[in-house]
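Chemist: Can you read through this structure? Questions will come right after.
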Amino acid sequence: MSYTINNLANGKWIEIEKPSSEDIDFLRREFPTFKLTNLEDSQERVQRAKLDLFEDHMFMSVTVPINYIQGKRLSALEFSFFLTKDAIVTITQEKTDLFKEEKQEGDHVANIRLEDTPSLLAYRFLEKLYDTSSKTVDTLGRAINEIDANILDVRSSSIIRNISIVQRNLI
C-alpha cells in the first residue's frame, strides 16, 4: 500500500501515489459511497478532465502540464481527488514533490497547511496546479514565438527540430 494519512485540524488528507488494487480496496472500505467508476478512473494513466458531484462527496480528475524545459519533452501530472466534508483523498499516477514542500514550509502560492479543512486544501491544490501549469503554458508560448520569429531565417538549421518538439508537447 502506498498511502499516507495526514491529520488536518478538521479532518484528514489521504495521499496516494501510484494507486494499487490494495489502495483502492482501502478506499472502498473507508469510503463506501465512492463510486467504483471514479475509483477506476483514478487508476488510469490517460484520463480526460472530469468532475462528478454527489450528495456526500465530489470527484475531480485533471491532467496538467508541468516541467517544460526548452528542447525537452513536456511531462504531465495526472491528479485526482475525492472530497468529502471530513476528508480529501489525493491520487497521483507518479511520485510528485509538487505538494511536499508546501506541506512542510507553506508556499506563497498554494500555502498548503495541515491546519486547513479538506475543502480549503482542495482549493489550494487546484491553485497550485493552475499556477504550475500556467508557467508551463507560458514557456511553451515563448518557444512558439521564438520559432515564429526564426521560421523564415534560412540560417536556422534547428527550426524543424524545434517545431517538432513543440508540436509533440502540444499534442
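Chemist: Can you put R28, R48, R124 in order of accessible area, largest first, using a 1.4 Å probe? Let's see the in-between values first.
Modeler: Values: R28 120, R48 200, R124 30 Å².
If we order R28, R48, R124 from most to least accessible, we get R48, R28, R124.
Chemist: Please report the net charge: other residues with Cβ closer than 12 Å to the Cβ of I14, K and R +1, D and E -1. Intermediate values should be presented prior to the final figure.
Modeler: On the way: positive: K12; negative: E15, E17, D23, E30, D86.
Net charge in that neighbourhood comes out at -4.
Chemist: Near the amide H of D116, under 5 Å away, which other amide H atoms are found, from residues 5 or more places off or on another chain, if H is placed in the peptide plane?
Modeler: Distant-sequence amide H within range of D116: A9.
Chemist: Can I ask one more? Could you tell me the accessible area of K12 in Å² (1.4 Å probe, neighbours in place), rounded to the nearest ten?
Modeler: 50
Chemist: Pop out the ³J(HN,Hα) list for the stretch 123-129 in order, Karplus 6.51 cos²θ - 1.76 cosθ + 1.60 with θ = phi - 60°, rounded to Hz; leave Gly and Pro as x.
Modeler: 4, 5, 4, 5, 4, 5, 4
Chemist: Kindly flag which residue pairs out of K85/K135; K35/K85; K12/K85; K12/K135 have an alpha-carbon separation exceeding 20 Å in this structure. Show your work: numbers first, answer last.
Modeler: Values: K85/K135 32 Å; K35/K85 16 Å; K12/K85 10 Å; K12/K135 30 Å.
Pairs exceeding the cut-off: K85/K135; K12/K135.
Chemist: Let me ask something else about it. Can you give me the distance in nm between label points at D25 and E40, each placed 7 Å from the Cα along the Cα-to-Cβ direction?
Modeler: Placing both labels 7 Å along Cα→Cβ, they lie 1.9 nm apart.
Chemist: Using a 7 Å offset from Cα along Cα-Cβ at K50, what residues in the stretch 11-30 end up with backbone N under 19 Å from the label point?
Modeler: 16-29
Chemist: Charges at C-beta only: +1 for Lys and Arg, -1 for Asp and Glu. How large is the resulting dipole of the stretch 1-54 about its Cα centre, in Debye rounded to 20?
Modeler: On the way: 8 positive and 10 negative charges, 30 e Å.
Dipole about the Cα centre, nearest 20: 140 debye.
The values are calculated or read from the model by the stated rules, or taken from the named source; none is laboratory data. The shown structure was predicted, so the numbers you read here are calculated from the model rather than taken from an experiment. For neighbour counting, all protein chains shown are included, and Cβ atoms are generated from backbone atoms with ideal geometry for every residue, glycine included. Keep in mind that these areas ignore ligands, DNA and RNA; they rest on the heavy atoms of the full protein, side chains included. Shrake-Rupley method; radii C 1.70, N 1.55, O 1.52, S 1.80 Å.
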